[in-house]
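Worksheet for the structure shown next.
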């Protein structure tokens, strides 16, 4: 019976790593995305934006296969990524005081701005930048499930 439980646990862990459909962010101002999971693979992209969100689609040892807002995918060393949640704005939009476009307008947010996620629900996320917070519709951001 112990063997069966071990096999099921191992299968579950393997399945989770293959479908790790979550977001991470870049820890520093410069990281390399590679064509494969190792330093011997060529650099595909150099990202120079701290906190940029990337979607994890696969994991292998100490590497994560991630995709950016443009669906360019490659491998990044796990230690260069953070579980802190950020989004990037996909198009010029607005932040509201409440979860409604009828509520008070708090700020205009430009395309490509990176903001921290405070919390989300099905259609809205409360985002923060510096000392300001506002609710933004999920359809305007990349980095939230």
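Read the figures in this text as sums done on the coordinates, not as results from a lab. The structure presented is a predicted model; accordingly, all values stated were derived computationally and were not measured. Every residue, glycine among them, receives a Cβ derived from its backbone with ideal geometry; neighbour counts consider all protein chains shown.
Picking from 107, 115, 33, which is most flexible by a Gaussian network model of the chain using Cα springs under 10 Å? In the Gaussian network model the winner is 107.
Order of 142, 41 from fewest to most other C-beta atoms within 10 Å?
Working: 142 19, 41 15.
In increasing order of surrounding Cβ atoms, one gets 41, 142.
Helix content alone sets the calculated 222 nm mean residue ellipticity of the chain: runs of n ≥ 4 DSSP H residues at -39500 (n - 2.57) each, divided across all residues, give -4000 deg cm²/dmol. Annotation for residue 129 and residue 48: the two label points, set 7 Å from Cα along the Cα-Cβ direction, are 2.0 nm apart. Compared with the dominant Cα axis of the chain, that is its longest principal axis, helix 2-18 is turned about 40°.
Per-residue Cβ neighbour counts within 10 Å put 46, 109 in the sequence 46, 109, beginning with the fewest.
Computed on the chain, with alpha-carbon pairs under 8 angstrom and 6+ residues apart, the relative contact order is 19 percent. Largest GNM mean-square fluctuation among 81, 52, 105, using the chain with Cα springs under 10 Å: 105. Connecting C-alpha atoms closer than 10 Å in a GNM of the chain, tell me which of 26, 48, 117 has the biggest fluctuation. Fluctuation is largest for 48.
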